[in-house]
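Quick notes on the structure that follows.
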Amino acid sequence: MEIYSFKGKRILVTGAGQGIGRGIAVELWRAGANIVALSRTRSHLEALQSEYPSIDIVDVDVSDWEKTRTAIESLGTFDALVNNAAIAICEPFLTSSSSNFDRTFDVNVKAVLNISQIVAKKMIENKIHGSIVNISSQASKAALKDHAIYSASKAALDALTRSMALELGPHGIRVNSINPTVIMTAMAKVGWSDSERCKEMLSKIPLGRFGEVSEVVNAVVFLLSDRSSMITGVQLPVDGGFLAT
């Protein structure tokens, strides 16, 4: 028996070319959803589609407000949305630059506002009781060295999530965020290969390990499903207890 079924549901997943976003798109596809996968990198999308031909793909840089708006408007109506696209530029607070601040907030916050506005408006017009999940981070809740801009962007995303939940709730649209710790994507395995850096972070996680992509995917699928029908406006840590310490 299927635990989750999204048969007949149309779902947009951003940042779906690789890592967590790809994992989310594939798992929702397996559960019967009609997936539109969005990414900036065409080659990643083509690799995804070659493996899962029924997944539709769209390449656009979400930091470009107008191009993104045009692209999303053309895609029609969705039953659910996962805002996963993000960038992380790590640099010390004292040398954080204006350009990196703008780039980070354009992708991590402004693009979520932009895409969600269009998707939510169409949900309302079509009386769809939809679900939106924003992928945030433990960095929104706890200070991490050299993450000043990234942490600020994810804290802003959490606040945006709560505001969206408040205003979209009366239309039957739920909005939540997932706040993961370090997740072992291919990129993270390279970034956390330094044993001392890795040891320091692991010492702050009660479960004593980093997360797997599937563990974030499982939480996203739950929050998109009817099994979380009374849950909205929450920030759900998937962090092995990092934020509990």
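The values are calculated or read from the model by the stated rules, or taken from the named source; none is laboratory data. All figures in this text were calculated on a predicted structure; none of them were measured in a lab. Cβ placement follows ideal geometry from the backbone for every residue including glycine, while neighbour counts extend to all protein chains displayed.
On the basis of being of a type in the set (A, V, I, L, M, F, W, C), surrounded by fewer than 23 Cβ atoms within 10 Å (Cβ to Cβ) and closer than 22 Å to Val13 by Cα, does Ile87 make the cut? Taking the combined requirement at face value, the residue satisfies it.
Helices (runs of 4 or more DSSP H) fully within the range 159-245 that include at least 2 residues being within 20 Å of the chain's Cα centre (by Cα) and not hydroxyl-bearing (Ser, Thr, Tyr): 186-191, 213-224. For the range 60-86, the tally of residues that are among the acidic types (Asp, Glu) and farther than 20 Å from Phe105 by Cα stands at 2.
Can you pull out the residues in the range 26-42 that are within 15 Å of Thr185 (Cβ to Cβ), touching a residue at least 40 places away in the same chain (Cβ under 8 Å) and aliphatic (A, V, I, L, M)?
Residues satisfying the conditions do not exist here.
Of the residues Lys199, Lys204, Lys154, the single one that is modelled with pLDDT under 95, of a type outside the set (Val, Ile, Thr) and farther than 26 Å from Gly8 by Cα is Lys199. Inspection of the range 61-76 finds a residue satisfying the criterion of being in contact with a helix residue (DSSP H, G or I) (Cβ under 7 Å, 6 or more places away or on another chain), closer than 26 Å to Gly8 by Cβ and of a type in the set (D, E, K, R). Number of residues in the range 178-210 that are buried (at least 16 other Cβ atoms within 10 Å of the Cβ) and over 21 Å from Ile89 (Cα atoms) equals 3. When you look at Ile135, is it surrounded by 23 or more Cβ atoms within 10 Å (Cβ to Cβ) and either farther than 20 Å from Ala37 by Cα or within 14 Å of the chain's Cα centre (by Cα) (or both), yes or no? Yes; evaluated as a whole, the condition is true for this residue. Here Gln117 meets the list (1) touching a Phe, Trp or Tyr at 6+ places or on another chain (Cβ under 9 Å); (2) more than 25 Å from Val182 (Cα to Cα); (3) polar (S, T, N, Q) almost entirely, failing just condition (1). Could you list, in sequence order, the residues of the range 144-158 that are among the hydrophobic types (A, V, I, L, M, F, W, C) and in a helix (DSSP H, G or I)? If the condition is that a residue be among the hydrophobic types (A, V, I, L, M, F, W, C) and in a helix (DSSP H, G or I), then Ala148, Ile149, Ala152, Ala155, Ala156, Leu157 are the ones that fit. If only residues of the range 138-150 that are closer than 21 Å to Ala219 by Cβ and surrounded by fewer than 20 Cβ atoms within 10 Å (Cβ to Cβ) are counted, the one that is modelled with the lowest pLDDT is Leu144.
Scanning the range 66-84 for residues that are of a type in the set (Val, Ile, Thr) and buried (at least 16 other Cβ atoms within 10 Å of the Cβ) turns up Thr68, Ile72, Val82. Taking helices (runs of 4 or more DSSP H) as the structural unit, those lying wholly within the range 3-118 and holding at least 3 residues that are farther than 27 Å from Leu168 by Cβ and more than 16 Å from the chain's Cα centre (by Cα) correspond to 42-51, 98-105.
Here is a check on your reading of the model: is Leu166 buried (at least 20 other Cβ atoms within 10 Å of the Cβ), in contact (Cβ under 8 Å) with a residue 40 or more places away in the chain and under 27 Å from Ile128 (Cβ atoms)? So Leu166 does not fit the description; no.
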